[in-house]
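Student: Here you go, one structure.
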Amino acid sequence: MLDCGMHMGFNDDRRFPDFSYITQNGRLTDFLDCVIISHFHLDHCGALPYFSEMVGYDGPIYMTHPTQAICPILLEDYRKIAVDKKGEANFFTSQMIKDCMKKVVAVHLHQTVQVDDELEIKAYYAGHVLGAAMFQIKVGSESVVYTGDYNMTPDRHLGAAWIDRCRPNLLITESTYATTIRDSKRCRERDFLKKVHETVERGGKVLIPVFALGRAQELCILLETFWERMNLKVPIYFSTGLTEKANHYYKLFITWTNQKIRKTFVQRNMFEFKHIKAFDRAFADNPGPMVVFATPGMLHAGQSLQIFRKWAGNEKNMVIMPGYCVQGTVGHKILSGQRKLEMEGRQVLEVKMQVEYMSFSAHADAKGIMQLVGQAEPENVLLVHGEAKKMEFLRQKIEQEFRVSCYMPANGETVTLPTSPNIPVGISLGLLKREMAQGLLPETKKPRLLHGTLIMKDSNLRLVSSEQALKELGLAEHQLRFTCRVHLQDTRKEQETALRVYSHLKSTSLMAR
Amino acid sequence: MDPECSRLLPALCAALADPRQPLADDTCLEKLLDWFKTVTEAESSLLLLQENPALVELLSHVLKSQDMSSRVLSFSLRLAGTFAAQEDCFLYLQQGELLLGLFGEGGPQCWAAWSVPTVRSGWIQGLRSLAQHPCALHFLADSGAVDTIFSLQGDPSLFVASAASQLLVHTLALSMQAGATGCSGLWDGVWPACAQKIMGHLEESLQSTAAPQVTQALNVLTSTFGRCHSPWTETLWGQLCPLVARLLERTPIPAAHSLVDLLLSVARSPALSSSHGRLWEAVAQALRCLSPMQAGSLALGMLKLPHCPQALRVQAFGVLLQPLACVVKATAQAPGPPGCSMWPPGWLDGAEGSSLTVDTLLSSKSACVGILCQTLAQLEELQPLPQRPAPWPQEPLLGAAVTILRLCHGSATSSSSGGGRLCATLAGCVRVQRAALDFLGTLSQETRSQELEKEVFAVLSEYLGSPDSSPTVLKKAFQTTLRWLLSSPRTPGCPDLGPQPLLFLRELFPVLQKRLCSPSWEVRDSVLEFLTQLSRHWGGQADFRRALLASEVPTLTQQLLQDPESYVRASAVAAAGQLSSRGLQAAPDSPEHPQAQQGLLGELLCILSTDSEGFPRRAVVQVFTEWLRDGHADVARDTEWFIATVLQVVSQDLDWEVRVQGLELAQVFLVQRLGQPRCPYMVALPEAASATPIPEVLQSLCRLRLFDFAFRALLDCDRPVAQKACELLLFLKDKTAMCGGLQEAGDIPGSASGQVTLQRWRAGEQGQLPGDLQPEAMLALLRSTDLEGLQARLAQSSDHMEKSPQSLLQDMLATVGVLGENEADCY
């Protein structure tokens, strides 16, 4: 099973996949050889503890080392939000997250991992977020590559995705930005910095709601560098614990970051921030400008919502939403332009502060997807994780450019691919010797016709001479003789005619041999 | 419907009907449907449509304009079905020919949008909703919908195909229900037209040579027998049983999984008691001819039935035992391992599948691993059931489990060719190891001979000590070990461990010592969890204490409080706390060492105030709460200082769960001082003699700043903290209700500013209570705060605003037109 994510937009059963489609009566472990998680985002791993500890999957789970380290933090974060805000009791617990993580087998990049006798997997660098990987899954001579989410252009802390020319039978690729050629990330970054700078310059406060780990760190590097360059003194705060945590993981997995960070790491660690300080609840009431990173990212509970309520009424302030917000959350409401929000107890909160949306998500755009298809040279492509209309455009483009079949099944739809698997067949020495005796030397690259009997024994196929086949199978040889009567009208003598017929038949039978 | 929602509906319907207006979020339409379902459950759909004509306009518009987005089309089909579930509304929509247009042959089925699975799914779900009354049944038959449902059973979309099958089951049941006559509701023997059509289709499918068609028919029947228990199902089975039996004669047997499911579903049906004869014949045949993997599930299902005939039970149990018997037989040495040749007489006699099982076991590694894991899991499931076969072959099963574990571990050898192949196949196989350890754990619940117990502990020792054991296997080995230790027979009247476990434990500690230094955090964590359990159960026993203290386990445990992995630190906190409770903590190596001087309490306080991760901090507060409950010496020495220090640190913690646990600790303290909370149903008893006089307690609460901590928590932005604080203060209010202090709140110094703070808090602002309040002021504040009202508000969960239908409609309307770049940027 590739990834085991959740939908944050639902609060009921619909948030997790319906695993009963795998089996209704049997044990899940009997139906799945392993689960592979591409990266730590919740839409890719959020259902994992539910799947392994509540539904009952008990087999191996594969992910990279950074994903194994960071996954539980995000799962914990989400669990706490679900239990805190929604007051849900029937949700996975901390212990379940830990027990689930104990079932994880961590893999290194480019390491071939043998899942069982038949199945092997291999991880490739995917960019996107720390530890994100694409996986090649191989059974015999057939293989599939699953990209997860990936990014073909390097960003401030991560490198670009890369895969070798592995020519899989199928490439399953995400297609979030299937029709978009993204404007340069530099432009978006400049825009972000400009907006933050302008706000603090006029004495306003900037709130950036974020999730614990991931994009927040990228934005921190961005602000830190800018503050340094501009020699700004306005304080930047981050919920305590998160910067240390991020620092810890980025240090631990420095090999997963981009070349620049790796090179400069010895002189100066990019994740040791000079300007970004730990936040205390009381700071929110301080006068003057400031920038605050606070969790959670959708403004639906906790600290970020509390600060938002304090600052919303002042038009000098600004909130920058760097990610997706689920319907019903304050984040969703303000992004859709609502300015009067009904809060608990029928209070109405008037939002006068500026609301900005900034996309920093690191997915491959259409150009990047085409680039990856070109790199891997698959026989077929399957598009997932995108919108049907956009996928359709990309599908046509891939089919035209690479002359391969491209599919875009809806959720739950089955696609059947024709493949021509190679089946190894052993040839008996006797048969080969006989062929050699006929004076034909073997040539490796030239196909050659070989006559023999194909025997299947213990799931192995062998080509042997018919005599050997009879011997091995303990069968007696049977000869079939066909006779027929032919009337010949020949004026020659009977004996002469017979001799001619005989020599003719002899020559044709020799030819046949 | 709420008037505000009614006001918003026309605009929303107009937006939905406009194909140029994209919708932000798929979830919105789902939530909208959920809301309509709730509304129609409570009030008349007809009235709803009449009062909100925009809804019918939307449905009509969908019919007219075929360029509607597939999401809105699917939504409209489902919405129409929801309304038409009520008969009068169905007729109303029928009059306008809306239903025929939406669900009839000329409807969406002919549109280009039909190629989108969401639309087909919406069509089925719409029909499923409306199929609630006889009119709907006629509609289904006359509109040609049933034929479309038949074809959708083979849909490439898993969701559509499954929903189509479920709809057939529902239609069949509804049709038979409608055909029932008389006040008894009994079926009169004539199949209604719709049911006849479905029956015909099922019969045809069962005779088909195409496996998918057979599977579809079997799945429909499985659901039918699973859900419908009316008398007509018996006739249905009577009619279809020969066809099902004929499937078993085919080679290979088609759709074996589904066939097993059907047989089990029929066997479980309470409506089929009198026609079980033919069923048992079919089951017996299936057990004979299905592959061991498929027969296993059927066998287990049969053994779970309370009314399964004995002969069939014997056959079924034989199927389950067969793979283990084969393993034991293939690896048996002379003399064999204990118990291996003691299978109960009769169980394996008629096992025709024996050679088939051997073939499967030896054919390939994956087949061997698959069947062994399945068998072990099935026997594990069967063992605790009251209807399990008797006598339960405990000893041979134990022998088999031990043999399998040894084969996997490489410590069993076999001279036979089959045994040799098994050794090679199973060596190092993690899946089988885990399944066998789970099974072995289950077997601990039974009586056993000393000799076998010795064997079990020996094999567990091998696993716990082996450097080859994977972390997941090791975790299972610990769990199994604990189960065996807990169930070990003890000398009557003596709580001590038996000789066997004791011997085992002595050898265990050096192993644990080694494992605590493992480079794998999973292993270190599992050992610490195991150690906590061990000391919880046997911490008071002399032999256990001696063995533990002779090892370096306590020292290593304390060292792991500094582990780089936070999970391990948390487990080390729990283990060290438990050991300390039992007086089993590490002896200080050098008294000059600062850590030794500081003691465990100091070290835990340090973790609580400095650890960057929440797990260890939470574990510390849990340990402290346990220590307080148990009267731990370090706590009892100066309880007030202890409480004040912990609460001060906890109140600053950013993790709300730590703060909640801090409140829990405070509550334990209060209960110790003031006595248990009053139960409203309990006869009033005089307060426990140990409870301290209330004024004295209040003084100490002020000194400890416990009031301050609890009132601050009431202002917490995280709901569970406020909830817990509310609970604690209510307890306090209840306990102090009879206490003096008759002054009005406003007259007491400090109380007024406290009130102001609370008012500010009510207005959604943050505030702080004055630092040095006196007990009387606190008491007045407690009495004047509407804690009951607050508790009720907090219990509502704070997301009622998000979930309200107005909020949903407003959000959907607000999104119209403003969608830009935002939509695609998910993570």
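The values are calculated or read from the model by the stated rules, or taken from the named source; none is laboratory data. Values in this document were obtained by computation on a predicted structure and should not be read as measured data. Cβ placement follows ideal geometry from the backbone for every residue including glycine, while neighbour counts extend to all protein chains displayed.
For (1) assigned to a loop (DSSP other than H, G, I, E, B); (2) surrounded by 10 or more Cβ atoms within 10 Å (Cβ to Cβ); (3) out of contact with any Pro (no Cβ under 7 Å at 6 or more places or on another chain), each residue gets a yes or a no:
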{"residue": "A:Leu431", "(1), (2), (3)": "no, yes, yes"}
{"residue": "A:Leu449", "(1), (2), (3)": "yes, no, yes"}
{"residue": "A:Ile455", "(1), (2), (3)": "no, yes, yes"}
{"residue": "A:Arg462", "(1), (2), (3)": "no, yes, yes"}
{"residue": "A:Ala469", "(1), (2), (3)": "no, yes, yes"}
{"residue": "A:Glu477", "(1), (2), (3)": "yes, no, yes"}
{"residue": "A:Arg481", "(1), (2), (3)": "yes, no, yes"}
{"residue": "A:Arg500", "(1), (2), (3)": "no, yes, yes"}
{"residue": "A:Ser509", "(1), (2), (3)": "no, no, yes"}
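Student: Return the only residue of B:Leu808, B:Leu779 being touching a Phe, Trp or Tyr at 6+ places or on another chain (Cβ under 8 Å), modelled with pLDDT of 65 or more and crowded, with 21+ Cβ neighbours inside 10 Å.
Tutor: Details: B:Leu779 fails: touching a Phe, Trp or Tyr at 6+ places or on another chain (Cβ under 8 Å).
So the residue among B:Leu808, B:Leu779 that is touching a Phe, Trp or Tyr at 6+ places or on another chain (Cβ under 8 Å), modelled with pLDDT of 65 or more and crowded, with 21+ Cβ neighbours inside 10 Å is B:Leu808.
Student: So A:Gly323 passes all but one of these: (1) within 12 Å of chain B (Cβ to nearest Cβ); (2) farther than 30 Å from B:Lys803 by Cα. Which condition number does it fail?
Tutor: (2)
Student: I've got another one for you. For the structure I just gave you, tell me whether A:Glu443 is farther than 30 Å from B:Ser115 by Cβ, charged (D, E, K, R) and outside the structural domain of A:Thr173 (by the TED database). Spell out how you get there, then give the answer.
Tutor: Values: farther than 30 Å from B:Ser115 by Cβ: yes; charged (D, E, K, R): yes; outside the structural domain of A:Thr173 (by the TED database): yes.
Here the answer is yes, as A:Glu443 does meet what is asked.
Student: Does at least one position in the range A:267-279 carry a residue that is under 21 Å from A:Gly204 (Cα atoms) and within 11 Å of another protein chain (Cβ to nearest Cβ)?
Tutor: So in the range A:267-279, the residues under 21 Å from A:Gly204 (Cα atoms) come out as A:275-279.
Going one step further and asking which of them are within 11 Å of another protein chain (Cβ to nearest Cβ), we end up with A:278-279.
Checked the range A:267-279: at least one residue is under 21 Å from A:Gly204 (Cα atoms) and within 11 Å of another protein chain (Cβ to nearest Cβ).
Student: Can you spot a residue in the range B:87-100 that is of a type in the set (Phe, Trp, Tyr) and either out of contact with any helix residue (DSSP H, G or I) (no Cβ under 9 Å at 6 or more places or on another chain) or surrounded by fewer than 19 Cβ atoms within 10 Å (Cβ to Cβ) (or both)?
Tutor: Quick first cut of the range B:87-100, residues of a type in the set (Phe, Trp, Tyr) only: B:90, B:92.
Now restrict to residues that are either out of contact with any helix residue (DSSP H, G or I) (no Cβ under 9 Å at 6 or more places or on another chain) or surrounded by fewer than 19 Cβ atoms within 10 Å (Cβ to Cβ) (or both): none.
Checked against the condition, which is being of a type in the set (Phe, Trp, Tyr) and either out of contact with any helix residue (DSSP H, G or I) (no Cβ under 9 Å at 6 or more places or on another chain) or surrounded by fewer than 19 Cβ atoms within 10 Å (Cβ to Cβ) (or both), the range B:87-100 yields no hits at all.
One line per residue, one yes/no per condition, for (1) farther than 11 Å from A:Ala376 by Cα; (2) touching a His at 6+ places or on another chain (Cβ under 9 Å); (3) free of Cβ contacts under 8 Å to residues at least 60 places away in the same chain; (4) within 14 Å of chain B (Cβ to nearest Cβ):
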| residue | (1), (2), (3), (4) |
| --- | --- |
| A:Glu142 | yes, no, no, no |
| A:Val145 | no, no, no, no |
| A:Leu158 | yes, yes, no, no |
| A:Trp162 | no, no, no, no |
| A:Arg167 | no, no, no, no |
| A:Leu171 | no, no, no, no |
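Student: Next question. Take the residues in the range A:7-39 that are surrounded by fewer than 21 Cβ atoms within 10 Å (Cβ to Cβ) and in contact (Cβ under 8 Å) with a residue 40 or more places away in the chain, then tell me which one is farthest from the other protein chains (Cβ to nearest Cβ).
Tutor: A:Cys34
Student: Criterion first (among the hydrophobic types (A, V, I, L, M, F, W, C), outside any loop (DSSP other than H, G, I, E, B) and outside the structural domain of A:His300 (by the TED database)) does A:Cys4 satisfy it? Full working, then the answer.
Tutor: Numbers: among the hydrophobic types (A, V, I, L, M, F, W, C): yes; outside any loop (DSSP other than H, G, I, E, B): no; outside the structural domain of A:His300 (by the TED database): yes.
In short, no.
Student: Taking the criterion of being under 23 Å from B:Ser461 (Cβ atoms) and in contact with a Phe, Trp or Tyr (Cβ under 9 Å, 6 or more places away or on another chain), would at least one residue in the range B:375-385 satisfy it? First the steps, then the outcome.
Tutor: From the range B:375-385, those under 23 Å from B:Ser461 (Cβ atoms) are B:376, B:380; that's our starting set.
Add one more test, that the residue is in contact with a Phe, Trp or Tyr (Cβ under 9 Å, 6 or more places away or on another chain), and what stays is B:376, B:380.
Checking the range B:375-385: at least one residue is under 23 Å from B:Ser461 (Cβ atoms) and in contact with a Phe, Trp or Tyr (Cβ under 9 Å, 6 or more places away or on another chain).
Yes/no per residue for (1) on the phi < 0 side of the Ramachandran plot; (2) within 31 Å of the chain's Cα centre (by Cα); (3) in a helix (DSSP H, G or I):
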site: B:Thr222; (1), (2), (3): yes, yes, yes
site: B:Leu240; (1), (2), (3): yes, no, yes
site: B:Ala245; (1), (2), (3): yes, no, yes
site: B:Glu249; (1), (2), (3): yes, no, no
site: B:His257; (1), (2), (3): yes, yes, yes
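Student: Of the residues A:Gly337, A:Gly331, A:Gly313, which is part of a helix (DSSP H, G or I) and either more than 21 Å from A:Phe279 (Cβ to Cβ) or more than 10 Å from every other protein chain (Cβ to nearest Cβ) (or both)? Walk me through how you get there before you give the answer.
Tutor: Values: A:Gly337 fails: part of a helix (DSSP H, G or I); A:Gly313 fails: part of a helix (DSSP H, G or I).
Just a single option satisfies the conditions, and that option is A:Gly331.
Student: Hey, any hits in the range A:136-147 for a residue that's of a type outside the set (Lys, Arg), touching a Ser or Thr at 6+ places or on another chain (Cβ under 7 Å) and either surrounded by 24 or more Cβ atoms within 10 Å (Cβ to Cβ) or modelled with pLDDT under 95 (or both)?
Tutor: Yes.
Student: To continue, here is another question. With a cut-off of at least 1 residues that are within 13 Å of another protein chain (Cβ to nearest Cβ) and more than 22 Å from B:Ser205 (Cβ to Cβ), name the helices (runs of 4 or more DSSP H) lying wholly within the range B:96-161. Don't jump to the end; show me each part of the working.
Tutor: Working: elements: B:98-103, B:117-130, B:134-142, B:145-152.
Output list reads B:117-130.
Student: Filter the range B:104-160 down to residues that are among the charged types (D, E, K, R) and modelled with pLDDT under 90 and give me whichever is nearest to A:Ile22 (Cα to Cα). So that I can check it myself, show each step before the final result.
Tutor: As a first pass, look at the range B:104-160 and keep what is among the charged types (D, E, K, R): B:105, B:120, B:128, B:142, B:147, B:155.
Applying the additional criterion that residues be modelled with pLDDT under 90 yields B:105, B:142.
Numbers: B:Glu105: 33, B:Asp142: 35 Å.
Once the filter is applied, the top-ranked residue is B:Glu105.
Student: Quick one: in the range A:391-410, which of the residues that are within 14 Å of chain B (Cβ to nearest Cβ) and touching a helix residue (DSSP H, G or I) at 6+ places or on another chain (Cβ under 7 Å) is surrounded by the most Cβ atoms within 10 Å (Cβ to Cβ)? Reasoning before the result, please.
Tutor: If we filter the range A:391-410 for residues that are within 14 Å of chain B (Cβ to nearest Cβ), which is where we start, we get A:391-394, A:407-410.
Filter again for touching a helix residue (DSSP H, G or I) at 6+ places or on another chain (Cβ under 7 Å), leaving A:394, A:408, A:410.
Working: A:Leu394: 23, A:Met408: 20, A:Ala410: 18.
Among those that are within 14 Å of chain B (Cβ to nearest Cβ) and touching a helix residue (DSSP H, G or I) at 6+ places or on another chain (Cβ under 7 Å), it is A:Leu394.
Student: If you don't mind, another one. Among the residues of the range B:620-655, count how many are more than 22 Å from B:Phe711 (Cα to Cα) and assigned to a loop (DSSP other than H, G, I, E, B).
Tutor: Residues meeting the conditions: 3.
Student: For the structure I just gave you, tell me whether A:Arg165 is in a loop (DSSP other than H, G, I, E, B), over 16 Å from the mean Cα position of the chain (by Cα) and closer than 26 Å to A:Ile254 by Cβ.
Tutor: Working: in a loop (DSSP other than H, G, I, E, B): yes; over 16 Å from the mean Cα position of the chain (by Cα): yes; closer than 26 Å to A:Ile254 by Cβ: no.
Against the criterion (in a loop (DSSP other than H, G, I, E, B), over 16 Å from the mean Cα position of the chain (by Cα) and closer than 26 Å to A:Ile254 by Cβ), A:Arg165 does not qualify.
Student: Would you check if there is a residue in the range A:369-390 being within 14 Å of another protein chain (Cβ to nearest Cβ), in a helix (DSSP H, G or I) and closer than 19 Å to A:Gly148 by Cβ?
Tutor: Scanning the range A:369-390, I find at least one residue that is within 14 Å of another protein chain (Cβ to nearest Cβ), in a helix (DSSP H, G or I) and closer than 19 Å to A:Gly148 by Cβ, so the answer is yes.
Student: Tell me, yes or no, whether the range A:288-298 has at least one residue that is over 28 Å from B:Glu657 (Cβ atoms), surrounded by fewer than 17 Cβ atoms within 10 Å (Cβ to Cβ) and either of a type in the set (Lys, Arg) or within 13 Å of another protein chain (Cβ to nearest Cβ) (or both).
Tutor: No, the conditions are met nowhere in the range A:288-298.
Student: Another question, if that's okay. Identify, please: which residue in the range A:137-162 is within 20 Å of A:Phe40 (Cβ to Cβ) and of a type in the set (S, T, N, Q) and is, among those, nearest to the chain's Cα centre (by Cα)?
Tutor: Selected residue: A:Thr147.
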